[in-house]
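Visitor: Structure incoming, see below.
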Amino acid sequence: MLVQMNKVIEIAKFMIKIKNILALIFSTCTLVSIAQIQHANRGNEARDMFNDPTTRDQEAISAAENGWWRQSLAGQGQRIKKWKEATFGMFVHWGVYAQYGNIWKGKPGGGYAEHLMRVMQIPRAEYLDSAKRFNPKKFDAEEWVLLAKNAGMKYFIITAKHHDGFAIYPSQYASNYSLKSTAFKRDPLAELAVACRKHGLLFGFYYSHAFDWEHPDAPGNDWDYHNPGGDKLLGGADWFDNHPEWLPKAKRYVDEKAIPQIKELIHNYHPDLLWFDTPHKLPLSENLRILKAIRDTDPNIVVNGRLARTGNQNYGDYLNTADRPEEFYPVPAGAYWEAIPTTNDSYGFSVTDKNHKPTAHFIQLLAKATAMGGNILMNIGPKGDGSIDGPDVEILKGIAEWMKSNKESVIDVSPSPLGRQQWGVVTKREHTLYLHLFKKPKGKQLTVGGLTADVKSISLLSSGKRIETYSLDSIGLHISMDQMKDNMADEVIVVQLNQELEAPAVDDLIYVDSAIAKNRLLSFYARQQGPSMRFGDGKKDRYYVSDWVSTDQYLTWHVNVLQPARFEVAVRYVKDKVGTGGDMFLKIGKRKIDFTIEAGSPKNTGANELVLGEVDLSEGSQTIELRAKNINGGETVKFLEVVLTRSEHLPKERQ
């Protein structure tokens, strides 16, 4: 009888768990639907920066979704509005690590300069001793903020504490591991807060809440303390599930340092924004506890998407892309998101990283993001003496020069419903369209596919000059290019409409334009058929789809060819796993082109290009289809894009 009673009790407990889980799944207090979040998370570098909810986390989830977090949603629209309208921000990674420039005792570090302590396994005591020499005499908050403001930036976020655990302000918590211990006796965060408010910029902090190489109880330092969460993966990536007996130690760090310092930053500096990172180093329950502390302290602060999230739910105010993106995967309409490019390949200052991108890269990246409804938070890494590196200054001044006459086309605008154009992107404000011309078409006119609405006027934004010569037909708007300059990073053409613009019948339409030398059909913008694939993170040569493991999966592009023409067809892909490949085919025009990617071909992480031949494309709407007939190595290669090059644009040896 006792055994039966115990069984009944166990069944009852199990049913209660099921009830709680169902309540969670069907909870209506979500920022974006579960399906949308899953779609947006594919390809996000932060995709793995979440915790799968376990029994331990269910109580925290229930308390959040039925209480404090649900209540916080009432003010979400108002607090996110100021961030969304700001559009373009400056991200600053600056700490005591900046004085080393990613070199320690004559040896260069690897990767991000702000990770020097971890990469070089620098003992805490030695790092602290060297930090005492930090004395950025050239630091000038007014100069930093004006560089941002002149570049059109309207918010500013600086690292208050990065993963090294060193607070770049005089903290009363772990105070010897803060600016108090250095030779610099000013408070740069206070000076920046004053300068930002003086010049009308939103102000905020990056705070490393889950990764701290200083505190003896925090995840991350496995060379001084033998703690989990570091490169040795002690206890595994999910150490808090595998070793729950270790969790009280990490909770002690959260209670003694993370939450007190976050509250200290809020009380002392009154930030508009808080930016977090690497939540996967702590369990979801701790991340939610930190978020609750923020909401309790100041409910009006905007919090990014890398603090507390699961595979299906993001408890922050907006989503984040991967680090250093060059292309953006699509996110659900209406979702708030932000990309975080950096001027070179490091976020902190690095004397060894000379890979600075040109100014045009950032101007076009900003236009591409705003054309898809996103924000850009662009990073620089100032030097240890407080000055800003020369190449960063030149990039910012170049953006400022463009912004003088083009700012209205990228700040507080919305996406256009028009299909994707090969010459650039389109942003919108009410009845005004901004055509961002990245690539000047061959010939005498620019064609805006699908733009058939009645036009009031057309002009160049940079000069205000009216363009009188244009025409409309069933294909779109054709604009004379007589007054347009060559080699512009982004020539903006303003089109004033007399009526609201109608969305195309196909919401993922791409125009193919023979006046553009290379037409790119990115895998990001293909329609996925069959079981879902994942997006790459959008970095250089990583804007692919992955997890293509079945012949039931394939990609389709819905295109509209503006002019009939002959094109060379090529596919670009990444083969980063040994033995992958297979027999494929591409249906395009009236052709079915078979091709093979050999399983024995070399593995690499860069882009490969395979020319498939030529094809004649007729004018009008059609579908391009990429399929696998068989798959080797468990997965096809990772496809980046299909490239269509008009035959007359080919090198002579390929004509």
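The values are calculated or read from the model by the stated rules, or taken from the named source; none is laboratory data. Quick caveat: nothing in here was measured; it's all calculated off a predicted structure. For neighbour counting, all protein chains shown are included, and Cβ atoms are generated from backbone atoms with ideal geometry for every residue, glycine included. For accessibility, only protein heavy atoms count, side chains too; no ligands or nucleic acids. Shrake-Rupley method; radii C 1.70, N 1.55, O 1.52, S 1.80 Å.
Visitor: Which order do T159, T359, T605 take when ranked by solvent-accessible area (1.4 Å probe, heavy atoms of all protein chains), largest first?
Guide: Largest accessible area first, the residues go T605, T359, T159.
Visitor: At a probe radius of 1.4 Å, what is the per-residue accessible area of D238, in Å² to the nearest 10?
Guide: For D238, the solvent-accessible surface is approximately 80 Å².
Visitor: Taking 56 Å as R0, compute the FRET efficiency from the Cβ-Cβ separation of K82 and D583 and round it to 0.05.
Guide: 0.60
Visitor: Taking the Cα centre as origin and putting +1 on Lys and Arg beta-carbons and -1 on Asp and Glu beta-carbons, what dipole magnitude results for the chain, to the nearest 20 debye?
Guide: Roughly 260 debye, rounded to the nearest 20.
Visitor: To the nearest 10 square angstrom, what accessible area does F139 show with a 1.4 Å probe?
Guide: 10
Visitor: Express the accessible area of the stretch 112-217 per residue in Å², computed with a 1.4 Å probe while the remaining protein chains stay in the model.
Guide: Accessible surface, normalised per residue, equals 33 Å².
Visitor: Here is a further query. How much accessible surface area, in Å² rounded to 10, belongs to the heavy atoms of K263 with a 1.4 Å probe?
Guide: 80
Visitor: Working out 0.36 nm times the residue gap between D385 and T556, then minus their Cα-Cα distance, what length gain in nm do you get to one decimal?
Guide: 56.3 nm
Visitor: Counting Lys and Arg as +1 and Asp and Glu as -1, what is the net charge of the other residues whose Cβ lies under 10 Å from the Cβ of S171?
Guide: My count for the surroundings of S171 gives +2.
Visitor: Hey, any idea what % of the chain's accessible area is carbon plus sulfur with a 1.4 Å probe?
Guide: Accessible surface attributable to carbon and sulfur in the chain totals 50 percent.
Visitor: In what order, largest first, do T432, T297 sit by accessible area if the probe radius is 1.4 Å?
Guide: T297, T432
Visitor: Related question: Roughly speaking, what is the stretch gain from S618 to D255, that is 0.36 nm per residue apart minus the C-alpha to C-alpha distance, in nm to one decimal?
Guide: Residue separation times 0.36 nm, minus the Cα-Cα distance, leaves 124.1 nm.
Visitor: Something else now. Net charge within 12 Å of I493 by Cβ-Cβ distance, Lys/Arg positive one each and Asp/Glu negative one each, not counting I493 itself?
Guide: Cβ neighbours under 12 Å give a net charge of +2.
Visitor: Tell me, what HN-Hα J-couplings in whole Hz come from the Karplus equation 6.51 cos²θ - 1.76 cosθ + 1.60 at θ = phi - 60° for each residue of the stretch 453-463, using x for Gly and Pro?
Guide: Ordered by residue, 3J(HN,Hα) equals 5, 5, 9, 8, 6, 9, 8, 8, 5, 5, 10 Hz.
Visitor: Related question: May I ask you to list the residues of the stretch 526-569 whose amide nitrogen lies under 17 Å from a point 7 Å from Cα along the Cα→beta-carbon direction of A517?
Guide: 567-569, by backbone N distance to the label point.
Visitor: Residues of the stretch 454-610: accessible area per residue at 1.4 Å, in Å²?
Guide: Value for the stretch 454-610: 45 Å² per residue.
Visitor: What does the accessible area per residue of the stretch 236-277 come to in Å², with a 1.4 Å probe and no ligands, DNA or RNA counted?
Guide: 42
Visitor: For L610 and N242, FRET efficiency with R0 = 51 Å and r from the beta-carbon atoms, rounded to 0.05?
Guide: That gives a FRET efficiency of 0.70.
Visitor: How far apart, in nm, are the 7 Å Cα→Cβ label points at L234 and Q121?
Guide: 1.3
Visitor: Another one. Need one word for the stretch 286-445: rounded, prolate or oblate. Basis is the Cα gyration tensor (sqrt eigenvalues a ≥ b ≥ c); a/c below 1.5 gives rounded, then a/b vs b/c decides.
Guide: oblate
Visitor: To the nearest Å, what is the center-to-center distance of the stretch 592-615 and the stretch 61-77, using C-alpha atoms only?
Guide: So the separation of the two Cα centres works out to 50 Å.
Visitor: List residues of the stretch 436-454, by number, whose backbone nitrogen lies under 20 Å from a label position 7 Å along Cα→C-beta of E648.
Guide: Label zone hits: 439-449.
Visitor: Taking H placed 1.01 Å from N in the peptide plane, check which residues at least 5 places from I158 or on another chain put their amide H under 5 Å from its amide H.
Guide: V92, G204, F205, Y206
Visitor: Once you charge only the Cβ atoms, +1 for Lys and Arg and -1 for Asp and Glu, what is the size of the charge dipole of the stretch 281-381 about its Cα centre, to the nearest 20 debye?
Guide: Dipole of the stretch 281-381, to the nearest 20 debye: 120 debye.
Visitor: Which value, in Å to one decimal place, does the Kirkwood hydrodynamic radius take for the stretch 122-201 when every pair of different Cα atoms is included?
Guide: Result for the stretch 122-201 stands at 13.7 Å.
Visitor: Let me ask something additional. Using a 1.4 angstrom probe with every protein chain in place, what is the largest-first accessible-area order of T278, T469?
Guide: Correct descending sequence by accessible area is T469, T278.
Visitor: Putting +1 on Lys and Arg Cβ atoms and -1 on Asp and Glu Cβ atoms, find which of V549, A565, G579 reaches farthest to the positive end of the dipole of the stretch 540-582.
Guide: Of V549, A565, G579, it is A565.
Visitor: Averaging sequence separations of C-alpha pairs under 8 Å and six or more residues apart, then dividing by the length of the chain, give the relative contact order as a whole percent.
Guide: In percent, rounded to a whole number, it is 13.
Visitor: Under 5 Å between amide hydrogens, which residues at least 5 positions from G613 or on another chain qualify, with H placed 1.01 Å from N in the peptide plane?
Guide: Amide H neighbours of G613: V569.
Visitor: Compute the signed sum of charges (Lys and Arg +1, Asp and Glu -1) over the other residues within less than 15 Å, Cβ to Cβ, of K439.
Guide: Cβ neighbours under 15 Å give a net charge of +4.
Visitor: Among S647, F156, V611, whose Cα projects farthest towards the positive end of the dipole of the chain, with charges put on the beta-carbon of Lys, Arg (+1) and Asp, Glu (-1)?
Guide: The listed residue farthest towards the positive side: F156.
Visitor: With each pseudo-label sitting 7 Å past Cα toward Cβ, what's the K456-S175 distance in nm, one decimal?
Guide: 6.2
Visitor: Right, another one. (i) 29.6; (ii) 40.9; (iii) 32.6: which one is mean projected area of the Cα convex hull in nm² as calculated from this entry?
Guide: (iii)
Visitor: Another question, then. HN-Hα J couplings of the stretch 211-219 from phi, Karplus 6.51/-1.76/1.60, θ = phi - 60°, integer Hz, Gly and Pro as x?
Guide: Karplus-based 3J(HN,Hα) across the stretch 211-219 equals 10, 8, 7, 9, 6, x, 9, 8, x Hz.
Visitor: Roughly what would the spin-label model give for K629 and S414, points 7 Å off Cα along C-beta, in nm?
Guide: Output for this residue pair reads 4.8 nm.
Visitor: Okay, moving on. Taking amide hydrogens as modeled 1.01 Å from N in the peptide plane, which residues meet the under 5 Å criterion relative to G229, leaving out close sequence neighbours?
Guide: Here G220, L234 satisfy the definition.
Visitor: Let me ask something additional. Using 1/(1 + (r/R0)^6) with R0 = 35 angstrom and r between the beta carbons of N268 and M488, what's the FRET efficiency to the nearest 0.05?
Guide: Computed FRET efficiency for N268 and M488 comes out at 0.20.
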